Amino acid sequence: MKTLIDPFNRKITYLRVSVTDHCNYRCYYCRDEDHQTNTVRNEVSSYEEIAKIVRLFSELGITKVRLTGGEPLLRKDILKLTKMLGEIPNITDIPISTNAHLLAPMAAKLKKSGINRVNISIDSLQQDVFKKITRGGDLNKVIKGIDAAIKVGMSPIKINMVVIKGVNDNEIEDMIDFAINKGIDIRFIETMPIGSAGIDTSNNHYSEADILKRVIDYLPNKLINVKADQTSGPAKSYLIDNTNTSVGTISAVSNNFCKSCNRVRLTSRGRLILCLGQENSVSLLDAVRGGMSDEDIKKLIIKAINNKPERHYFDTNIYNIENAQMVEIGG
Ligand code: SAM
């Protein structure tokens, strides 16, 4: 099997695939209030097209494919896609990122189709705050989704909380207790200045240092350093002594982890995005629909990886991604 190595000697093994830019939530740090998803059906990659692109990536060394969105569980017959991806040689890991609103009735089937790992976004345990952040989301449904994932034996289950100063930062300890009680992992995410929604929310940025201080104060002498592995990605994590829970932070702003970046992103419209914080992209869907041969598409992918930016510049220049919508990129 080949290996994709970018000019900064990073091995690219991970593809995040957004299957839709529709979402049933409108988290205010993720998309503008008036943002509409107007995608014409034909503009979105079909499952056959996604599977073809993933197969070509797998032949170049990609082993992990995360399904994201928008909200991936909104896409019709998503189990058909998970099955197709599961049959691609060398793809050994297919986790999913979801808001879990629709997860409860689907968890068993997803597990059966080979989805073992799930990341669930949950930014508050208080009904009113949750509703405000998600602009109308239903906390009870999300908790039912988490419980269903636990019940069917998905593992690991990670809950992700974007910490926003003055909005939900008072819930860090409650969220840790929630994760411990459920026996699942928790990650605290710093807001990223992507798109005007993300840039606005970053005025209420809550830093990794502040998050970690709170975690350490709450769990003195209970945090066991966990060595980063293939599945932990950019998260720094600690096992909480005598529990089945790890707690971690994802801090793209305070702690630039671009040096170890191993991923690229495919949007639902088939654009390959080389860096979350830069505009560089190329349309793989156009290549597929234009009838390009497999070998030429692989050459196009290799050429794109050769243009993968060294890093984002969230700290000094966010304006190149001012017009982005995270809901379209997939996080
Ligand atoms: N709907 C799915 C979900 O809720 O997880 C997948 C898509 S969502 C865009 C993926 C992740 O991006 C979520 O964890 C979300 O919290 C995160 N995200 C979106 N905008 C963000 C921002 N401005 N800063 C930090 N994280 C953000």
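Quick notes
- Charged-residue dipole, Cβ positions (Lys, Arg, Asp, Glu), the range 4-329 about Cα centre, Debye nearest 20: 1020 debye
- Residue-averaged [θ]222 nm for the chain, counting only DSSP H segments that reach four residues, each worth -39500 (n - 2.57): -8500 deg cm²/dmol
- Separation of the LYS109 and LYS222 label points, Cα + 7 Å toward Cβ, nm: 3.9 nm
- The stretch between ASP147 and ASP177 holds 9.3 nm of extra length on full extension. This uses 0.36 nm per residue minus the Cα-Cα distance.
- Within the accessible area of the chain, the carbon and sulfur atoms contribute 49%, probe 1.4 Å, all protein chains present.
- Couplings 3J(HN,Hα) of the range 20-25, computed from phi: 7, 9, 7, 9, 7, 10 Hz, in residue order, whole Hz [Karplus 6.51 cos²θ - 1.76 cosθ + 1.60, θ = phi - 60°; x for Gly and Pro].
- In this simple spin-label model, placing a label point 7 Å from the Cα along the Cα-to-Cβ direction at both LYS131 and ASP315 gives a separation of 4.1 nm.
- For the range 168-308, with +1 on Lys and Arg beta carbons and -1 on Asp and Glu, the positive-most of GLY198, GLY270, ASN181 along the dipole: GLY270
- Scanning the chain for cysteines with no neighbouring cysteine C-beta under 4.7 angstrom from their C-beta gives CYS23, CYS258, CYS261, CYS275.
- Considering only GLY331, ASN24, VAL288, the residue lying farthest towards the positive end of the dipole of the chain is VAL288, judged by Cα position with unit charges set on Cβ.
The values are calculated or read from the model by the stated rules, or taken from the named source; none is laboratory data. Just so it is clear, the model here is predicted, and its values are computed rather than measured. Every residue, glycine as well, gets a Cβ built from its backbone with ideal geometry; the counts of neighbours run over all protein chains shown. These area figures cover heavy atoms from the full protein model, side chains too; ligands, DNA and RNA do not enter into them. Shrake-Rupley method; radii C 1.70, N 1.55, O 1.52, S 1.80 Å.
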